[in-house]
Amino acid sequence: MSFRKTHPLIKIVNSTLVDLPSPANLSVNWNYGSLLGLVLVIQLITGIVLATRFSGHSDMSFDSVISIYQDSNYGWLLRLVHSTGASFFFLFIYLHIGRGLYYGSYVYPEVWNIGVLIYLILMGTAFLGYVLPWGQMSYWAATVITNLLSAIPWLGPTMVEWVWGGFAVGNPTLTRFFALHYLLPFVVTALVILHIFYLHIYGSSNPLGISSNTNKVSFHYYYSVKDLYVYFVFFFVFMVFTLKYGYVFMDAENFIPANPLVTPTHIQPEWYFLFAYAILRSIPNKLGGVVGLLLAVLVLFLFSVSTSKLLFSGTIYSPLARLLYWSLVSNFFLLTWLGSCPAESPYNEVALVATVTYFTFMLTMCALPHISTYLYLKS
Amino acid sequence: MFKLFKSKKVAKNLAIGLASATTASGLGLALALNVDLFASDHGCYPAKYPWFHDGLFNTYDHASIRRGYEVYKQVCSACHSMRYTYFRHLVGVSHTEDEAKAEAAEAMVTDGPNEEGNMYQRPGKLSDPLPSPYPNDEAAKAANGGALPPDLSLIAFARNNGTNYIFSLLTGYHDPPAGVEVKEGLHYNPYFNGGWIAMAKALYDEVIEYTDGTPATESQLAKDVTEYLRWSSEKSHDEKKKLLLKTFLIFPPILALFYVYKRRVFTVMKSRKLMFNPTKSSGSGKH
Amino acid sequence: MALGGQIYTIFFKKSSTYFLTLCAGAFFFERFADGFSDSIFNSINKGKQWHDIKHLYGQPPEEEE
């Protein structure tokens, strides 16, 4: 037996990246996972290098970020890559989740649930990171989001001040946000390892939605080369996007230092939070909005409940399920657009309808495999 | 398995109709609502101007940056600070090192404390930021009727559609339309949010004289100072554009080679044939 | 073919020379690609960059570095 199959540590790597039996028919939709791993590494490296030059103090944070990007060697590139990297992280995570819903990846409960947990922590990490440059939008995003805690009955007001470390968002908030923003990516990394560990217990799903046990190829030389090829395509697109549009995606307000006395006319999060933001604002009650926001993500956990007896999963077995899927996708785009609109009369009503349809589509999609299985067994 | 849905044809059609109607009407309504609003509500949308640096691989026009610095120094700097732009940034961009040193030396900077513990004034050095007209924001507000002139170092990024907006704003002053009441101490400018801006029109033909002899028309002044402010917002811009060009030169050949290699690796797998021969013992599954 | 065979035996046959060829190739390719893209960049932006205009402000025009 060769060394790579016997060494206690190397054999783990071997069974993950070299000899892993993989389905022979994986499409490009099975590349998002490895791309997410790459983006995670990019974010970790650029983030740690940026942290060596950053001051987590409310008096100096803004100036230190400006100094990074106009005075240090290629500091501008690090900062641009880190900020567009966050966007690509969410782009791939949405594609990855979309792939999972389409092809029914939730039948692997551990893999699915850890994945949703990674997504949740990632949202937190991205929010914390957005606060760090301490521009106007950073400050007011922190204010709006931390204020959501105050909707919790009885404990809310105490918890908000506990999170702030004072009576408003201020220096203690920024400092702890920096510490957490540094910590959470490592938690994500640990969860990613678990995610892959559990995935390899089951083996990857494949576009046909049936067992691929009779048709496997080894990972190395097929999917290692394919992943590397897609990595290079990504690098190209990513560099062009970063260098051409890097600043276009930064909010103009965030080039103004944080000022607690001036509220920006139009507060909005980055594009990847807009759908959740639209759901939050669409519900007139504050607590209701916060619950809606949480449920919008937590509803994903529901998909993995009691999937062991399912005869069908995903959407490929049924045109109705595919229709639901694409309705959900367009609903997601609609919510994203509504999140960027001002909270005025016509948008509010549309947002409320879109929120209701979002949950309807989600819950129906979740229930459909169970209903189909039930009807099939009965017929 | 498709039998299931054939037998439920009515329910299926109903569901399809309902789902697509909701989505379509939602999207249609959303698009219909996304119409332009009245200019007087939110300010005119600036026209798109052909900035040279907007090109994919184009740098700033450095002669224009230099003229823009002259405009800033002689007109804007009376009210606006540029805290994040230092004299050393001018070296090799719009000024020689000697010129930048001379520019810096014109400013008096408070430094100290010295050995006796007193603050003192000294001529500026390359490591100093451009001088601020007011000691602090409160003084700036007091001198400008309560309105704070914003810091200009990052202004091209701190406003939506930065360069076009700044150019339009600087050249957009005119008399208010008939029927609009004149506001005391404010000036009418349709490009400013709300239409009334505290800053008076600052750029007129020949308000300064360029050292390089370019005719100092109003639009030339506005264009040059906008280019200068754009440079100040992103001093690494030229380097970025060069890297973009290198990306476009290096990646396509690598990708082409990698594509061929990937296809080559997959040839065997893609061209094989799988045969399924059901036998009595294995092929009784219902499908 | 004879030349190709010679190149193969000298540069690519042994792993040690193959590795050295790669390193040298990377070095020369980088110098070439860098110079090539710089010259394209400078011709696209002719007259706009600082080194195109600095002779107007008291510095003699420099040779291409």
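Of all residues in the stretch B:48-65, those that are under 20 Å from C:His55 (Cβ atoms) and more than 8 Å from chain C (Cβ to nearest Cβ) total 2. Filtered by the rule that a residue be in contact (Cβ under 8 Å) with a residue 24 or more places away in the chain and either facing chain B (nearest Cβ under 7 Å) or among the hydroxyl-bearing types (Ser, Thr, Tyr) (or both), the stretch A:216-236 gives A:Val217, A:Ser218, A:Tyr222, A:Tyr223, A:Ser224, A:Lys226, A:Tyr231.
Among the residues of the stretch A:142-177, the one identified as open to solvent by 40 Å² or more (accessible area, probe 1.4 Å) and under 19 Å from the mean Cα position of the chain (by Cα) is A:Ile145.
Is one or more of the residues making up the stretch A:308-315 more than 9 Å from every other protein chain (Cβ to nearest Cβ) and part of a helix (DSSP H, G or I)? No, that holds for no residue.
If the condition is being in a helix (DSSP H, G or I), open to solvent by less than 50 Å² (accessible area, probe 1.4 Å) and in contact with a Pro (Cβ under 7 Å, 6 or more places away or on another chain), then the stretch B:40-87 contributes only B:Ser77. Scanning the stretch A:214-225 for residues being touching a Ser or Thr at 6+ places or on another chain (Cβ under 9 Å) and open to solvent by 20 Å² or more (accessible area, probe 1.4 Å) gives a total of 4.
Does the stretch B:144-154 contain any residue that is touching a Phe, Trp or Tyr at 6+ places or on another chain (Cβ under 8 Å) and loosely packed, with under 15 Cβ neighbours inside 10 Å? Checking the stretch B:144-154: not a single residue is touching a Phe, Trp or Tyr at 6+ places or on another chain (Cβ under 8 Å) and loosely packed, with under 15 Cβ neighbours inside 10 Å.
With respect to (1) in contact with a Ser or Thr (Cβ under 6 Å, 6 or more places away or on another chain); (2) surrounded by fewer than 20 Cβ atoms within 10 Å (Cβ to Cβ), the lone exception for A:Trp112 is condition (2). A:Thr52 meets the conditions (1) crowded, with 20+ Cβ neighbours inside 10 Å; (2) within 26 Å of A:Leu191 (Cα to Cα) in every case but one. The failed one is (1). In the stretch A:103-116, the residues that are in the same structural domain as A:Phe301 (by the TED database) never reach a residue that is assigned to a helix (DSSP H, G or I) and at pLDDT 95 or above with C-beta atoms less than 8 angstrom apart, at least six apart or across chains. A:Ser211 meets the conditions (1) under 30 Å from B:Ser271 (Cα atoms); (2) among the small types (Gly, Ala, Ser); (3) open to solvent by less than 70 Å² (accessible area, probe 1.4 Å) in every case but one. The failed one is (3).
Among the residues of the stretch A:314-373, those identified as of a type in the set (Ser, Thr, Tyr) and open to solvent by 50 Å² or more (accessible area, probe 1.4 Å) are A:Ser345, A:Thr360, A:Thr364. Checked against (1) more than 30 Å from A:Gly166 (Cα to Cα); (2) open to solvent by 10 Å² or more (accessible area, probe 1.4 Å), A:Leu80 passes all but condition (2). Here B:Leu255 meets the list (1) in a helix (DSSP H, G or I); (2) farther than 30 Å from B:Leu56 by Cβ; (3) open to solvent by less than 40 Å² (accessible area, probe 1.4 Å) almost entirely, failing just condition (2).
Among the residues of the stretch A:309-321, those that are farther than 14 Å from A:Met362 by Cβ and free of Cβ contacts under 8 Å to residues at least 60 places away in the same chain comprise A:Ser318, A:Pro319, A:Leu320. Filter the stretch B:62-93 down to the residues that are touching a residue at least 60 places away in the same chain (Cβ under 8 Å), closer than 23 Å to B:Gly213 by Cα and β-branched (Val, Ile, Thr) and list them by number. Correct list: B:Ile65, B:Val71, B:Val75, B:Val93. Just name the residue that is nearest to B:Phe52 (Cα to Cα) out of those in the stretch C:16-39 that are touching a helix residue (DSSP H, G or I) at 6+ places or on another chain (Cβ under 9 Å) and open to solvent by 50 Å² or more (accessible area, probe 1.4 Å). Step by step, filter the stretch C:16-39, then rank; the result is C:Phe36.
A residue that is open to solvent by less than 40 Å² (accessible area, probe 1.4 Å), modelled with pLDDT under 95 and outside any loop (DSSP other than H, G, I, E, B) can be found somewhere in the stretch B:188-203.
On the stretch given as the stretch A:275-299, residues that are under 22 Å from A:Ile93 (Cα atoms) and open to solvent by 10 Å² or more (accessible area, probe 1.4 Å) total 7.
Checked against the criterion of being modelled with pLDDT of 90 or more and assigned to a loop (DSSP other than H, G, I, E, B), the candidates A:Trp154, A:Trp140 yield just one match: A:Trp154.
The values are calculated or read from the model by the stated rules, or taken from the named source; none is laboratory data. Nothing here was measured: the structure is a model prediction, and the numbers come from that model. When we count neighbours, we look across all protein chains shown, and the Cβ atoms used for this are built from the backbone with ideal geometry, even at glycine. Calculation scope for accessible area: heavy atoms of the full protein, side chains included, ligands and nucleic acids excluded. Shrake-Rupley method; radii C 1.70, N 1.55, O 1.52, S 1.80 Å.
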